[in-house]
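Here the structure comes first, spelled out in C-alpha cells, and everything after it is commentary.
The values are calculated or read from the model by the stated rules, or taken from the named source; none is laboratory data. As the structure is a computational prediction, the values presented were derived from the model and not from experiment. Reconstructed Cβ throughout: ideal geometry from the backbone, glycine too, with neighbour counts over all protein chains shown. To get the accessible areas, we keep the full protein, side chains included, count just its heavy atoms, and leave off ligands, DNA and RNA. Shrake-Rupley method; radii C 1.70, N 1.55, O 1.52, S 1.80 Å.
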Number of protein chains: 2
Amino acid sequence: MNLDTLAPRIGEWLRGSGAESDVVVSTRLRLARNLVGYPFTNRANLRQKAEVESRLCQAILALEHHRLTYVSVANLNSLDRQLLVERHLISRELSSAIEGPRGVAFDERESISLMVNEEDHLRLQILRSGLDLESAWQAADRIDDLLDQQLEFAFSDEFGYLTACPTNVGTGLRASVMLHLPGLTMTKQIEKAFKALQKINLVVRGLYGEGSRALGDFFQISNQVTLGKSEAAFLADIREATTELISFERMARNTLCREAKQMIHDRVARALGTLQSAAVMTSEEALELLSAVRLGVHLRLIPDLSPVVVNELSIQSQPAHVQKLVGNALSGEERNAARAKFLRNRLRDIEAH
Amino acid sequence: MNLDTLAPRIGEWLRGSGAESDVVVSTRLRLARNLVGYPFTNRANLRQKAEVESRLCQAILALEHHRLTYVSVANLNSLDRQLLVERHLISRELSSAIEGPRGVAFDERESISLMVNEEDHLRLQILRSGLDLESAWQAADRIDDLLDQQLEFAFSDEFGYLTACPTNVGTGLRASVMLHLPGLTMTKQIEKAFKALQKINLVVRGLYGEGSRALGDFFQISNQVTLGKSEAAFLADIREATTELISFERMARNTLCREAKQMIHDRVARALGTLQSAAVMTSEEALELLSAVRLGVHLRLIPDLSPVVVNELSIQSQPAHVQKLVGNALSGEERNAARAKFLRNRLRDIEAH
C-alpha cells in the first residue's frame with residue numbers, strides 16, 4: 001500500500017457525521033490480545049516476534065469481509081510511521097519501537113486498525129465518528145470472534161485475557177471517546193469535571209493518548225481498569241460519563257453565548273483570521289486555532305464551513321501530513337511555512353458572521 | 001466650529017507625504033510664550049486667565065493669512081476635548097484642566113495649533129508630515145514674529161523667553177520628531193539607541209507626549225533643554241540624531257528582511273489578518289497591529305494599502321474618534337466592537353503578499 005494516498009483524505013471516523021458530534025469527535029474501542037505459546041512483545045526475541053507477526057497476519061488477512069491491508073511498520077521510514085500515528089492508526093509506541101517485526105492492518109475507511117507486536121501481540125482498534133460505543137463494540141467483538149476461530153488467545157479463567165501490562169488484564173478493553181470541550185475550558189469548569197471522572201475510574205488524556213498534552217481543548221476519556229466487570233458494564237460507565245460531559249459542555253457553550261457572546265465571536269473570528277493570514281504556523285498553534293474554529297462552526301458563527309473540513313484540517317496540519325501533501329520531506333521551518341500556506345488556501349473566502 | 005467634521009479626515013501632517021516618511025511620521029515644533037503683566041497660568045485667577053485668553057485670541061484671529069479657528073476648550077464636552085488630544089491639536093493637560101478659560105486655535109489643515117492658557121499663556125505648535133524641521137521652524141518663527149507685533153511676550157535679556165517651567169526658559173522651543181522604529185525594537189537595539197540620545201540631551205517619549213507609554217513602536221524624540229543655544233543649534237541636534245536613527249532603523253529593517261524575512265512577513269500578515277477579522281479590539285491593540293501593518297506597507301508587503309490610510313486608521317481608531325465616527329457616545333465595550341467593525345470594513349479585501 002502506498003501511504004502517500006492517505007494524506008489527502010481522512011478516515012471515516014473523522015467525517016463528523018456521528019451522534020453528538022458537536023462535542024464528541026470520535027469513539028475508539030480497543031481490545032488487547034496475546035497469542036498462547038509466545039512471550040509478550042517486550043520479552044520476545046526477533047524470531048518469536050516474526051512468528052507472532054506471521055501468524056497474526058495470516059489470520060487478519062483471512063478476514064476477507066473487511067478488506068484489510070497490512071503494513072509492516074518496521075519497514076517504513078519515519079515520515080510514514082509518523083503519518084500513521086497522526087491518523088491514529090498506530091500508537092506512538094509502535095512507531096518508535098527500536099527494532100523488530102511489527103505492523104498494522106487497516107481498512108480503507110480507517111475504521112479498523114489491528115496493531116501487531118505493540119505492547120501486546122495484537123491490539124484491535126475500532127474507530128467511529130461521534131459517540132458510537134455500541135456499534136464499535138459490536139464490530140470489535142465480531143472481529144475478535146473471527147480471529148479467535150483461527151488463533152488461540154492467552155486467557156485465564158480467573159483473570160480473563162492476559163496482557164503484558166496488568167492494567168489491561170481481564171477484558172483487555174479500553175473504550176475512549178475524544179471530546180472537544182472548549183466551553184468547559186473557557187468557563188474554567190474542566191478541572192472540576194475531570195476530578196469527578198477520576199472518582200469513577202475514568203482517565204483523561206490528550207489527543208495522542210497516554211502522556212500526550214491536551215491541545216486545542218481535545219480530551220480523550222477512557223476507562224482506567226479493565227478487570228472485574230463485563231465489557232457492557234465498562235461501556236455503560238463511559239457512556240454515562242460522556243453523556244454528562246456532553247450536557248455540561250453544551251450548558252457551558254450556551255452560557256458563553258448568552259453572557260459572553262462578543263468574546264466568543266471575537267475568539268472564533270480571530271482564530272479564522274489568523275489561519276487565513278499567517279505566513280508560518282506550528283502544528284500546535286494550528287490545532288488551537290482550529291479548535292476555536294470548530295466551536296464557531298458548531299455555534300453557527302461560520303455558516304460556510306463544514307465540520308468535516310475542520311476535522312480534515314486538524315489532521316492534515318500535523319507534521320507528517322504537511323510533508324506528504326507537499327510531496328517531500330521538509331525542515332521544521334519549511335513545514336511551518338507550508339502548513340500556513342495550506343491552511344490559508346483551504347480557508348480562503350470563508351467568513352465568520 | 002463643529003468638531004464632528006474633524007473625525008472623518010486627518011490633518012495634513014499625517015498625509016505621510018513628507019521626507020523620510022518610512023521612518024519619520026511627523027515633525028512638531030513648539031514655542032512657549034507668556035504675556036508680560038500676567039501671572040503664569042497656574043498662578044493666574046479666572047479673571048486674569050480670561051484677559052489672557054481675550055488678548056491672545058484677538059491677536060491670533062488677526063493672523064488672517066492662516067484662517068485660524070478658535071475653540072474654547074473650557075466649553076467643550078469631554079468627548080470633544082479627547083478628540084482634540086487624539087489629533088495632537090491640544091495637550092492632555094489643556095484637556096484635563098479643572099477649570100478656567102482656555103482654548104486652541106488651529107487651521108483647517110491642522111498644521112498650526114495655538115493653545116491658550118496651557119502651562120504657558122501661549123503654546124504655538126507647527127505640525128508637518130515626515131522630517132521637516134526647517135520649514136516648521138520658519139512657519140513658527142513667522143507666526144511668532146507676527147504675534148510679537150501685537151503682543152508683549154515676557155523676555156529677559158539674560159535668560160531669553162520666560163516660561164512657567166524652567167525647562168522651557170530660553171528659546172521656549174521644543175522640536176520633536178515622531179519616529180516609527182519597529183526595526184530597532186525587533187532587533188532589540190532600541191534601548192541602546194535611546195541611551196545614546198540621552199547623552200546628547202535628547203529625550204524620548206511615547207505617542208502622546210510626556211508620561212505617555214510608547215505604543216506601536218512610535219516614539220517622540222525631542223530636545224530636553226531650551227536654553228544656552230540658538231534655535232538653529234537645537235534643530236541641528238535633533239536633525240542629526242534623527243538622521244542617525246533613520247539610518248539605524250533602515251539598517252535594522254534590511255537585516256530583518258534578509259535574515260528573518262518569513263518572521264516579518266508572518267507578523268505583518270497576522271496583524272492585517274487580525275485587523276480584518278476581530279470582533280472586539282482595544283485602541284492599544286489596534287495601534288500595535290497598525291504599527292506592524294505600517295512596517296509591511298513600507299516593506300512593500302501590502303502593495304494595495306497606502307501609508308496615508310494606515311496613518312488615518314491609527315488616529316481614527318482612538319476612543320473619541322471611534323465615537324465621533326459612529327455618531328454617539330459609547331461604553332468601553334461598545335467602542336471596542338465599533339472599532340473592530342470600522343477597521344474590518346476599512347481593510348476589507350486588502351492582502352499581504
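In this structure, does A:Leu3 turn out to be over 27 Å from A:Arg239 (Cα atoms) and open to solvent by less than 40 Å² (accessible area, probe 1.4 Å)? In short, yes. Filtering region B:1-36 to residues that are modelled with pLDDT of 95 or more and small (Gly, Ala, Ser) leaves only B:Ala32. Within the set A:Arg81, A:Arg67, A:Arg123, A:Arg109, the sole residue that is among the basic types (Lys, Arg) and under 25 Å from A:Ser331 (Cβ atoms) turns out to be A:Arg81. Candidates in region A:331-352 are the residues that are within 11 Å of A:Leu272 (Cα to Cα) and of a type outside the set (Asp, Glu); of these, the one that is surrounded by the most Cβ atoms within 10 Å (Cβ to Cβ) is A:Leu343. One residue stands out in region B:255-276 among those that are within 7 Å of chain A (Cβ to nearest Cβ) and of a type in the set (D, E, K, R): the one that is nearest to the chain's Cα centre (by Cα), namely B:Arg270.
Quick check: anything in region B:240-254 crowded, with 21+ Cβ neighbours inside 10 Å and either without any contact (Cβ under 8 Å) to a residue 12 or more places away in the chain or within 14 Å of another protein chain (Cβ to nearest Cβ) (or both)? There is no residue in region B:240-254 that is crowded, with 21+ Cβ neighbours inside 10 Å and either without any contact (Cβ under 8 Å) to a residue 12 or more places away in the chain or within 14 Å of another protein chain (Cβ to nearest Cβ) (or both). When B:Asp132, B:Asp120, B:Asp141, B:Asp157 are checked against the criterion of being open to solvent by less than 20 Å² (accessible area, probe 1.4 Å) and among the acidic types (Asp, Glu), B:Asp120 stands alone in meeting it. Of the residues making up region B:277-316, those that are assigned to a helix (DSSP H, G or I), surrounded by fewer than 22 Cβ atoms within 10 Å (Cβ to Cβ) and either within 11 Å of another protein chain (Cβ to nearest Cβ) or acidic (Asp, Glu) (or both) are B:Glu284, B:Glu285, B:Glu288, B:Glu312. Just so you know, in region A:89-115 the residues that are open to solvent by less than 10 Å² (accessible area, probe 1.4 Å) and closer than 19 Å to A:Gln48 by Cα include one that is farthest from the chain's Cα centre (by Cα), and it is A:Gly103. In the set B:Ser26, B:Ser72, only one residue is in contact with a Gly (Cβ under 8 Å, 6 or more places away or on another chain) and open to solvent by 10 Å² or more (accessible area, probe 1.4 Å); that residue is B:Ser72. For the criterion of being part of a loop (DSSP other than H, G, I, E, B), open to solvent by 30 Å² or more (accessible area, probe 1.4 Å) and not charged (D, E, K, R), B:Asn328 passes.
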